[in-house]
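The values are calculated or read from the model by the stated rules, or taken from the named source; none is laboratory data. Computed from a predicted structure; not experimentally measured. Here the Cβ positions follow ideal geometry from the backbone for every residue, glycine too, while neighbour counts run over all protein chains shown. What goes into the accessible areas is simple: the full protein's heavy atoms, side chains included, and nothing from ligands, DNA or RNA. Shrake-Rupley method; radii C 1.70, N 1.55, O 1.52, S 1.80 Å.
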Amino acid sequence: MATSMVMLFTPITPGAPSAGERLMPTLGNGGYDVQSYAVAYDYYPGKSQMPASVDIVARAEQSLSSFTLDAVALQVKSVTVNGLSAGFRLDNQKEKLSVTPRIPLLQGLPFRVRITFVADRSLEPRSPAFPQQDNFDHWTDWAGGFELMGQPNRSHLFFPMNDIPSDKARVSFRVSVPKGLQAVANGTLRSERTKAGRTTYVFGTRDPIPTHVAQLAVGHLTETKGEGPHGLPLRSFVDSSKAKAAGPWVARVPEQLKWVEQAIGAPYPFETYGVLGVGGVTGYALESATLSMFNADYLTGQPGSNDGTMIHELIHQYFGNAVSVKTWDDMWLSEGHAAYYTGLYHDAKGRTKLVDFMRDAWQFESEERPKYGPPGRVTDLNGVLFGTNPGGAVTLYALRQKLGVKTFQEIEKTFFERFRNKAASTQDYIDVVNEVSGQDLTSYVRSWIYGAKTPPFPG
């Protein structure tokens with residue numbers, strides 16, 4: 001009774017139209033926490049437009065008279081909140097969908113939103129945060145289908161959402177395609193049904209993931225199943241024309257998982273894993289949650305000759321996906337870990353000594369810090385994607401050298417286990433460093449992450 005009375009007298013106000021990100025001041029929304037997204041598309045080859053819907057379950061963090069979502073779409077047809085039609089307005093220029101429920105939403109209570117819309121893969125506005133540098137195709141069409149590239153701030157082109165890494169949620173995709181095409185998405189296959197010449201696939205995640213690593217691919221794909229450590233189900237999907245050549249690379253995944261688990265000291269965090277090899281992707285790979293994405297051609301070379309990128313994206317399943325960053329200023333926690341363990345892997349395989357790998361990273365970081373800014377305070381979104389890798393990696397290496405391998409490994413394991421399925425900040429990592437080491441290393445870590453000049457090479 002007391003709780004109900006408190007909620008009744010809580011002021012009812014609009015949710016904030018931004019999460020206050022420094023680099024992306026218009027991105028994100030306030031007043032609620034998303035629990036899950038259930039997305040549906042009907043795909044027709046040769047057509048960029050797709051009838052679509054998304055069902056959102058969220059919890060009100062304040063009493064809401066209205067709220068916003070990040071969104072870009074050809075058209076929003078209808079919006080309901082808790083089953084009742086709601087007022088709405090789509091502003092593609094501001095990339096916001098404003099929603100006014102018929103009945104205000106009370107703080108602490110869950111609510112459901114259903115949005116029917118028309119997605120258009122030809123609708124590719126450049127990122128407002130760095131329009132001159134956003135050169136990616138985020139809706140990426142390829143032979144017979146498409147895949148998604150939402151990082152760092154474009155996943156809301158795919159469906160309305162709260163597009164910030166701290167608001168993690170479970171994600172499912174229900175996709176209808178012509179018979180003969182394959183759809184695959186994050187998580188595991190929940191159902192597959194063919195009727196009247198069309199097949200509907202439903203994939204979903206067991207655990208919450210950040211929006212920027214949501215993935216859906218449609219096309220002529222060949223599936224390869226396997227088993228990883230502890231009986232982990234593996235499934236990889238590769239462009240059918242390249243699947244045979246990619247077989248030896250796909251076969252490396254169990255060994256890579258085993259190495260990563262031992263290096264971090266914790267089991268792989270999700271319910272499944274695999275690689276996705278598609279066409280149309282050039283110049284990047286993406287740590288799509290549970291299904292790391294690569295250009296299919298990358299997976300057809302000599303296996304073992306250059307599998308560092310596969311390790312990089314696998315490490316992101318731990319740091320970046322299972323433990324997401326609280327803000328984009330904390331992105332070094334994701335990219336730095338992926339780069340550090342890639343160097344450790346090359347050392348373990350006898351390719352490049354860790355000290356040499358890190359010296360190269362330090363040299364690059366020292367020269368480029370004036371351009372990109374320090375890893376915890378990059379100057380633009382280009383730095384988020386490309387400037388946080390070397391600085392973050394060398395920061396971790398510096399701690400390893402200062403504290404010893406055993407203490408550093410305990411820091412890593414503690415940090416991962418404490419923040420799994422949560423979002424973590426730079427200060428969260430520093431707190432774990434201080435706790436495990438028994439020392440106050442705040443200034444030391446901050447000098448690497450925020451200093452105007454890169455500290456001297458460790459050791």
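Name the one entry in P104, P110, P131, P125 that is out of contact with any Cys (no Cβ under 9 Å at 6 or more places or on another chain), free of Cβ contacts under 8 Å to residues at least 12 places away in the same chain and open to solvent by 10 Å² or more (accessible area, probe 1.4 Å).
Working: P104 fails: free of Cβ contacts under 8 Å to residues at least 12 places away in the same chain; P110 fails: free of Cβ contacts under 8 Å to residues at least 12 places away in the same chain; P125 fails: free of Cβ contacts under 8 Å to residues at least 12 places away in the same chain.
When all the criteria are applied, what remains is P131.
Can you work out which of the residues in the range 206-215 that are under 23 Å from R154 (Cβ atoms) and surrounded by fewer than 24 Cβ atoms within 10 Å (Cβ to Cβ) is nearest to the chain's Cα centre (by Cα)?
Step by step, filter the range 206-215, then rank; the result is P208.
Does L90 satisfy the condition of being open to solvent by less than 10 Å² (accessible area, probe 1.4 Å), in contact with a Leu (Cβ under 6 Å, 6 or more places away or on another chain) and under 27 Å from P25 (Cβ atoms)? Walk me through it before giving the result.
Numbers: open to solvent by less than 10 Å² (accessible area, probe 1.4 Å): no; in contact with a Leu (Cβ under 6 Å, 6 or more places away or on another chain): yes; under 27 Å from P25 (Cβ atoms): yes.
Against the criterion (open to solvent by less than 10 Å² (accessible area, probe 1.4 Å), in contact with a Leu (Cβ under 6 Å, 6 or more places away or on another chain) and under 27 Å from P25 (Cβ atoms)), L90 does not qualify.
Could you tell me whether G336 is out of contact with any helix residue (DSSP H, G or I) (no Cβ under 8 Å at 6 or more places or on another chain) and either on the phi > 0 side of the Ramachandran plot or surrounded by 24 or more Cβ atoms within 10 Å (Cβ to Cβ) (or both)?
Details: out of contact with any helix residue (DSSP H, G or I) (no Cβ under 8 Å at 6 or more places or on another chain): no; either on the phi > 0 side of the Ramachandran plot or surrounded by 24 or more Cβ atoms within 10 Å (Cβ to Cβ) (or both): yes.
The answer is no for G336.
Table: residues versus (1) at pLDDT 95 or above; (2) among the basic types (K, R); (3) under 27 Å from the mean Cα position of the chain (by Cα).
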position: V6; (1), (2), (3): no, no, no
position: G28; (1), (2), (3): yes, no, yes
position: Q35; (1), (2), (3): yes, no, yes
position: K77; (1), (2), (3): yes, yes, no
position: D91; (1), (2), (3): yes, no, yes
position: R114; (1), (2), (3): yes, yes, yes
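Go through the range 277-326 and count every residue that is in a strand (DSSP E or B) and buried (at least 23 other Cβ atoms within 10 Å of the Cβ). Reasoning before the result, please.
At the first step, the residues of the range 277-326 found to be in a strand (DSSP E or B) are 277-278, 286, 292-295, 319, 323-325.
So of that shortlist, the ones also buried (at least 23 other Cβ atoms within 10 Å of the Cβ) come out as 277-278, 292-293, 319, 323-325.
The qualifying residues number 8.
Residue under question is L69, and the condition is that it be aliphatic (A, V, I, L, M), within 30 Å of V384 (Cα to Cα) and assigned to a strand (DSSP E or B); does it hold?
On the way: aliphatic (A, V, I, L, M): yes; within 30 Å of V384 (Cα to Cα): yes; assigned to a strand (DSSP E or B): yes.
Spelling it out, L69 is indeed aliphatic (A, V, I, L, M), within 30 Å of V384 (Cα to Cα) and assigned to a strand (DSSP E or B).
Got a number for residues in the range 179-223 being more than 25 Å from I164 (Cα to Cα) and of a type in the set (S, T, Y)?
So the answer is 6.
Can F416 be described as touching a residue at least 40 places away in the same chain (Cβ under 8 Å), touching a Gly at 6+ places or on another chain (Cβ under 9 Å) and of a type in the set (A, V, I, L, M, F, W, C)?
Numbers: touching a residue at least 40 places away in the same chain (Cβ under 8 Å): yes; touching a Gly at 6+ places or on another chain (Cβ under 9 Å): yes; of a type in the set (A, V, I, L, M, F, W, C): yes.
Spelling it out, F416 is indeed touching a residue at least 40 places away in the same chain (Cβ under 8 Å), touching a Gly at 6+ places or on another chain (Cβ under 9 Å) and of a type in the set (A, V, I, L, M, F, W, C).
Restricting to the range 372-388, name every residue that is in a loop (DSSP other than H, G, I, E, B), open to solvent by 30 Å² or more (accessible area, probe 1.4 Å) and under 17 Å from N135 (Cα atoms).
Kept after step one, since they are in a loop (DSSP other than H, G, I, E, B), are these residues of the range 372-388: 373-380, 387.
Keeping just the survivors that are open to solvent by 30 Å² or more (accessible area, probe 1.4 Å) gives 377, 379-380.
Within the range 372-388, D380 is the sole residue that qualifies.
Of the conditions (1) open to solvent by 10 Å² or more (accessible area, probe 1.4 Å); (2) modelled with pLDDT of 95 or more; (3) outside any helix (DSSP H, G or I), E417 fails just one. Which one is it?
(3)
Please go through the range 252-267 and pick out each residue that is in contact with a Lys or Arg (Cβ under 7 Å, 6 or more places away or on another chain) and of a type in the set (V, I, T).
Step one: list which residues in the range 252-267 are in contact with a Lys or Arg (Cβ under 7 Å, 6 or more places away or on another chain), which gives 264-266.
The one that is in contact with a Lys or Arg (Cβ under 7 Å, 6 or more places away or on another chain) and of a type in the set (V, I, T): I264.
Residues of the range 426-459 being of a type in the set (S, T, Y) and either closer than 18 Å to V405 by Cα or not in a loop (DSSP other than H, G, I, E, B) (or both), which ones?
As a first pass, look at the range 426-459 and keep what is of a type in the set (S, T, Y): 426, 429, 437, 442-444, 447, 450, 454.
Of everything in the range 426-459, those that are of a type in the set (S, T, Y) and either closer than 18 Å to V405 by Cα or not in a loop (DSSP other than H, G, I, E, B) (or both) turn out to be T426, Y429, S437, T442, S443, Y444, S447, Y450.
List pairs: first in the range 384-407 and of a type outside the set (K, R), second outside any helix (DSSP H, G or I) and open to solvent by 10 Å² or more (accessible area, probe 1.4 Å), Cβ under 7 Å, 6+ apart or cross-chain?
Sorted first by the residue in the range 384-407, then by its partner, the pairs are V384/L23; G391/P374; Y397/P458; A398/P458; Q401/P458; Q401/G459.
So for the range 184-198 (the condition being open to solvent by 10 Å² or more (accessible area, probe 1.4 Å) and in contact (Cβ under 8 Å) with a residue 60 or more places away in the chain), does at least one residue qualify? Walk me through how you get there before you give the answer.
Our first condition is that a residue be open to solvent by 10 Å² or more (accessible area, probe 1.4 Å); within the range 184-198, this holds for 188-198.
Cutting the leftovers down to in contact (Cβ under 8 Å) with a residue 60 or more places away in the chain gives us 188.
Checked against the condition, which is being open to solvent by 10 Å² or more (accessible area, probe 1.4 Å) and in contact (Cβ under 8 Å) with a residue 60 or more places away in the chain, the range 184-198 yields at least one hit.
If the Cβ limit is 6 Å and pairs must be 6+ apart or interchain, which residue in the range 327-338 that is in contact (Cβ under 8 Å) with a residue 40 or more places away in the chain and under 18 Å from N153 (Cβ atoms) pairs with which residue that is surrounded by 24 or more Cβ atoms within 10 Å (Cβ to Cβ) and polar (S, T, N, Q)?
As it stands, the answer is M331/T388; W332/T388; E335/T388; E335/N389, since those pairs meet every condition given.
Got at least one residue in the range 393-401 being part of a helix (DSSP H, G or I), more than 21 Å from G373 (Cβ to Cβ), of a type in the set (K, R) and open to solvent by 20 Å² or more (accessible area, probe 1.4 Å)?
yes
Could you please let me know if S85 is at pLDDT 95 or above, farther than 15 Å from M161 by Cβ and among the small types (G, A, S)?
Numbers: at pLDDT 95 or above: yes; farther than 15 Å from M161 by Cβ: yes; among the small types (G, A, S): yes.
Here the answer is yes, as S85 does meet what is asked.
If the Cβ limit is 8 Å and pairs must be 6+ apart or interchain, which residue in the range 246-266 that is more than 15 Å from E313 (Cα to Cα) pairs with which residue that is open to solvent by 10 Å² or more (accessible area, probe 1.4 Å) and of a type in the set (V, I, T)?
So the pair list comes out as A246/T300; G247/T224.
Looking only at residues that are of a type in the set (V, I, T) and within 23 Å of L286 (Cα to Cα) in the range 354-390, which one is modelled with the lowest pLDDT?
Looking at the filtered set, the residue picked out is V384.
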